[in-house]
Amino acid sequence: MLHQHTPSTENASSAHLDRDGQALTHIDPLALQGSQLRKISLYDNRLTIFPQQIFDHTNLQVLNISCNHTHAVAAADRAITPSWKCWISATTRRHRSPMRSVQLTQLRYLYLSDNHFSDLPHTLGQLGELRYLNVTDNRLAAVPTAVWQLGNLQELRLYNNAITSLPAAIGRLTRLRELHLMKNRLSELPATIAELTALNVLDVANNAIERLPDSFGQLSQLRELNLRFNALTHLPEAFCQLGALQSLDLRANRLSTLPAGMAEMKNLRRLGFTLERLHTVSRGARQPDCTRLSGTRLKSPGKKKGATGALYHASQRSTV
């Protein structure tokens, strides 16, 4: 996960400003004087105004202003141009992002989680170097259109919003490796999601997805897939083409069968599903190899209704 990798800097004592969790309503200008800071962390304070002097630190690599009460970015006509990476975790109490006029052309990490955003500005699409975008726990009813311009994006986190659909434009994010959309209001996924050929992780748990597109099996690099708590009644046969898949969670759906070819998914190690409905794999399929899967055996006549389990190692230790 990209957000766990923050850049390190030399001469930390002189290049870092850390004022986390001090209930500050403003920052002493003396603390921000000069232009040599590489890391500024103002996390978890009560700032309402973005400190203008931050823009003077042209070598800034890490900027964290999350969990504040910032309304807007002061000196919005100026640009932050860090020499390597910049991590901004901006917080606001308005419905729109404070980035409206700010050019952060070298920005790599953007955290806007736990706010009240219902949209993001079109200028977000100018962040051509952005690798990581987190807009979780907001009020988005749709994915901001600017997101589809972020061609270098590798990780996108939009969970716990109110997003009702994904447009075909999702297919433009061809470098995306992780897509997290759990706890939204999706009822389906577009066919163009298959164009995310670099995707390793897809989490769409806690939605209302009723079907997967026939093209879904083209996600050849997908390793982790979470479909828990949706409304799936069947999986397309092409699903079995997910040859790289290692972890699959199908619990709390409406499935009664699995595609026959799932028994041939050699890399699958963890499989979770609810046994209330699921009786067997599709007709003609052999039982999965329980010595290489850690998920659950198929329902037997004496199994308790509603039980959940996982195909498991021979030792039968691991349960999903």
Scanning the stretch 121-165 residue by residue, the ones that are within 21 Å of Leu189 (Cβ to Cβ) and charged (D, E, K, R) total 2
Considering each of Gln154, Gln149 in turn, give the residue that is under 11 Å from the mean Cα position of the chain (by Cα), at pLDDT 95 or above and farther than 14 Å from Asp203 by Cα. Gln154
Restricting to the stretch 211-248, name every residue that is outside any loop (DSSP other than H, G, I, E, B), in contact (Cβ under 8 Å) with a residue 40 or more places away in the chain and farther than 15 Å from Ile193 by Cβ. Leu248
Please verify whether the stretch 22-35 includes one or more residues that are at pLDDT below 80 and either outside any strand (DSSP E or B) or surrounded by 14 or more Cβ atoms within 10 Å (Cβ to Cβ) (or both). yes
Flag if Leu181 is buried (at least 20 other Cβ atoms within 10 Å of the Cβ), under 27 Å from Ser220 (Cβ atoms) and in contact (Cβ under 8 Å) with a residue 24 or more places away in the chain: yes
Scan the stretch 208-215 and give yes if some residue there is modelled with pLDDT of 95 or more, within 23 Å of Arg185 (Cβ to Cβ), within 23 Å of the chain's Cα centre (by Cα) and among the hydroxyl-bearing types (Ser, Thr, Tyr), otherwise no. yes
Return the residues of the stretch 166-193 that are among the small types (Gly, Ala, Ser) and not assigned by TED's automatic domain parsing to the domain that holds Leu235; say none if nothing qualifies. Ala168, Ala169, Gly171
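The values are calculated or read from the model by the stated rules, or taken from the named source; none is laboratory data. Remember, it's a predicted structure, so these values are computed and weren't measured experimentally. Using ideal geometry, Cβ is built from the backbone for each residue, glycine included, and neighbour counts are taken over all protein chains shown.
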